[in-house]
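Accompanying notes for the structure given below.
The values are calculated or read from the model by the stated rules, or taken from the named source; none is laboratory data. Owing to the predicted nature of the structure, the values given are computational and were not obtained by experimental measurement. Don't worry about glycine lacking a Cβ; one is built from the backbone with ideal geometry, like all the others, and counts go over all protein chains shown. Remember, those area values only see protein heavy atoms, side chains included, never the ligands or the DNA or RNA. Shrake-Rupley method; radii C 1.70, N 1.55, O 1.52, S 1.80 Å.
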Amino acid sequence: MGFYDDQIVPRVTNLVLGTRQIGKLRARALAEVTGTVVELGFGSGTNLPYYPPPVERVLAVEPSEVGRRLARGRLAASRIPVEFVGLDGARIPLEDESVDSAVSTWTLCTIPDVDRALAEVHRVLKPGGRFFFLEHGLSDDPTVARRQHRWDRLEQAIAGGCHLDRDIAAIVRASPLELEQVDTFTIRGPKVLSFMYAGRAAKAA
């Protein structure tokens with residue numbers, strides 16, 4: 001990982017995804033999370049203030065050392081204990097059926113082997129456990145989608161491997177998890193980045 005990806009991208013991500021508008025989306029997406037949570041792409045801890053009272057602890061998967069350093073203030077302010085348990089969502093170092101919930105916010109766009117990551121989420125979730133996601137991805141507007149496909153390689157180069165054009169709903173449907181709900185909507189910002197997917201999927205009980 002070069003200097004730009006290692007030092008700059010985590011700081012930009014912390015700023016861009018730490019706004020009030022994004023915080024409102026996080027609060028809605030995380031409202032039903034419970035118990036012991038594995039969070040893919042913990043980043044700088046921007047989800048911590050929005051976890052509801054039923055969350056007992058967070059097991060954080062985060063490859064960026066800078067992201068973990070930026071999280072220190074949020075970690076100190078949070079009532080929720082956090083343990084960093086791994087660096088790669090495609091290889092989660094947890095026991096089978098060991099967590100109640102899994103969370104991904106603006107992370108599935110970046111994980112290189114996203115299918116394997118969701119298989120890992122399925123493996124570590126307890127039966128009946130749920131995966132909650134909030135992601136940007138492929139727009140339902142054909143004109144915007146064409147731009148996303150055209151600019152995807154550039155986005156990967158400047159945003160730490162982030163893809164513009166992943167169909168998040170289709171990716172979750174193709175996983176071992178059972179998609180229960182997905183809502184799509186747009187937020188303010190560049191159209192290629194502003195189409196959102198928010199939903200949940202479950203591991204069969």
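Run the numbers on the chain and let me know its relative contact order in percent, using alpha-carbon pairs under 8 Å that are six or more apart. Don't skip to the end; give the middle numbers.
Numbers: 410 pairs, mean separation 37.1, N = 205.
In percent, rounded to a whole number, it is 18.
How would you classify region 35-140 from its alpha-carbon gyration tensor, with a ≥ b ≥ c the square roots of the eigenvalues: rounded for a/c under 1.5, else prolate if a/b is greater than b/c, otherwise oblate?
Here region 35-140 falls in the rounded category.
If R0 is 22 Å, the Cβ-Cβ spacing of THR143 and ARG173 corresponds to a FRET efficiency of close to 0.35.
Rounded to the nearest Hz, the phi-derived 3J(HN,Hα) couplings of region 118-133 under the Karplus curve 6.51 cos²θ - 1.76 cosθ + 1.60 (θ = phi - 60°) are 6, 5, 5, 4, 4, 5, 7, 6, 5, x, x, x, 10, 10, 10, 9, where x marks glycine and proline. Count Lys and Arg as plus one, Asp and Glu as minus one, and take only other residues whose Cβ is under 13 Å from that of ARG74; the net charge is then +3.
At a 1.4 Å probe radius, carbon and sulfur cover how many percent of the accessible area of the chain? Before the final figure, lay out each step's value.
Values: 5280 of 10030 Å².
Heavy-atom surface of the chain belonging to carbon and sulfur, 1.4 Å probe: 53 percent.
Placing a label point 7 Å from the Cα of ASP6 along the Cα-to-Cβ direction, the residues of region 45-78 whose backbone N falls under 20 Å from that point are 62-72. May I ask for the distance between the Cα centers of region 58-89 and region 137-205, given as a whole number of Å? Using only Cα atoms, the two centres lie 24 Å from each other. In a simple Cβ point-charge model (Lys, Arg +1; Asp, Glu -1; nothing else charged), the chain has a dipole of about 760 debye relative to its Cα centre. Measuring only protein heavy atoms, the 1.4 Å probe finds THR105 accessible over about 10 Å².
Once backbone amide H atoms are built at 1.01 Å from N, ALA202 has PHE131, GLU178, LEU179, GLU180 as its partners under 5 Å, excluding neighbours fewer than 5 places away on the same chain. Solvent exposure of region 90-205 amounts to 47 Å² per residue of accessible area, where only protein heavy atoms count and the probe is 1.4 Å. The candidates HIS122, HIS136, arranged from most to least accessible area with a 1.4 Å probe in the full protein assembly, appear as HIS122, HIS136.
In a simple Cβ point-charge model (Lys, Arg +1; Asp, Glu -1; nothing else charged), region 82-182 has a dipole of about 340 debye relative to its Cα centre.
With an 8 Å cut-off on Cα pairs and a minimum separation of 6 or more residues, tell me the relative contact order of region 86-205 in percent.
Reported relative contact order: 29 percent.
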